[in-house]
1. Based on the Cβ-Cβ distance from Leu47 to Ile159, what FRET efficiency comes out when R0 is 35 Å, to the nearest 0.05?
2. Using a cut-off of 10 Å between beta-carbons, work out the net charge of the residues near Leu56 (Lys and Arg +1, Asp and Glu -1, Leu56 not included).
3. Please identify the trypsin sites (Lys or Arg not before Pro) of the range 37-119 that satisfy two criteria: DSSP loop assignment and at most 12 other Cβ atoms within 10 Å. Which are they?
4. Assign one of three labels to the range 107-154, namely rounded, prolate or oblate, based on the Cα gyration tensor with a ≥ b ≥ c the square roots of its eigenvalues; rounded applies when a/c is under 1.5, prolate when it is not and a/b is larger than b/c, and oblate otherwise.
5. Ranking Val105, Val84, Val25, Val147 by Cβ neighbours within 10 Å, fewest first, what do you get?
6. If you take the Cα atoms of the range 55-120, find Rg, then find the Kirkwood Rh from the mean of 1/r over all pairs, what is Rg/Rh?
7. Taking the Cα-to-Cβ direction at Leu70 and at Arg104 and moving 7 Å from each Cα, how far apart do the two end points lie in nm?
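Where a number appears in this text, it was derived from the coordinates with a stated rule and is not lab data. This structure is a prediction, so every number in the text was calculated from the model and none was measured. Virtual Cβ from ideal backbone geometry, glycine too; neighbours counted across all protein chains shown.
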Amino acid sequence: MLRTGLVLALALLLVGYSSTSSPHVTRLGAAHLRREWQGWVGSSAALPEASARRRLGSIRADARRWHAQLVGLRVYRARSGAAVPAVILAVAEPASWLRHRARRVLADLDGVVGRDGAQYVGVVDSHGRFVWETGRALGALGPAGGVWFRPDLDRCQPIAHGEIVGGDATAMSAR
């Protein structure tokens, strides 16, 4: 009995027990903030992978800890010449993930691009619909940044803002 339990535990560890964190999204819906972010950055063309191998490798390594499916990862050349990442993640439980994991993702990306570096993060649900996006860059007119989220996720998302956006956010699906 003990041997069976140990074998099962080892199998779950090897397979990755957290099935809810990996929804296996293959198709994405329309983004709400990404084009605007690309305008701030000054580029809509991704760099070839060889040009940004180090940044891509660092982000892919970090992504293993994020409890999300890495759906998209591109690096763009900003006006400043810097290589800036755009990351799209899929999560099965957006409210819980935003509350418990999103800050770690933003901190890890800050470690790659610097605290003031440009970055974009989009989060989709298990159906590929965007539920949260944030981006920042040094635009032509100075610093630019924004956040978009599904209204019911306001209290879950980690970006502070002055007022509730898009309606009543008192009902949150996961606390």
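1. Computed FRET efficiency for Leu47 and Ile159 comes out at 0.85.
2. Values: positive: Arg53, Arg54, Arg55, Arg60, Arg74; negative: Glu49.
Local charge sum for Leu56: +4.
3. Arg64, Arg65, Arg115
4. Taking the square roots of the gyration eigenvalues as a ≥ b ≥ c, the range 107-154 is prolate.
5. Values: Val105 25, Val84 31, Val25 22, Val147 19.
Ranked by crowding around the Cβ, least crowded first: Val147, Val25, Val105, Val84.
6. Across the range 55-120, the Cα-based Rg/Rh ratio is 0.97.
7. Those two pseudo-labels are separated by 1.5 nm.
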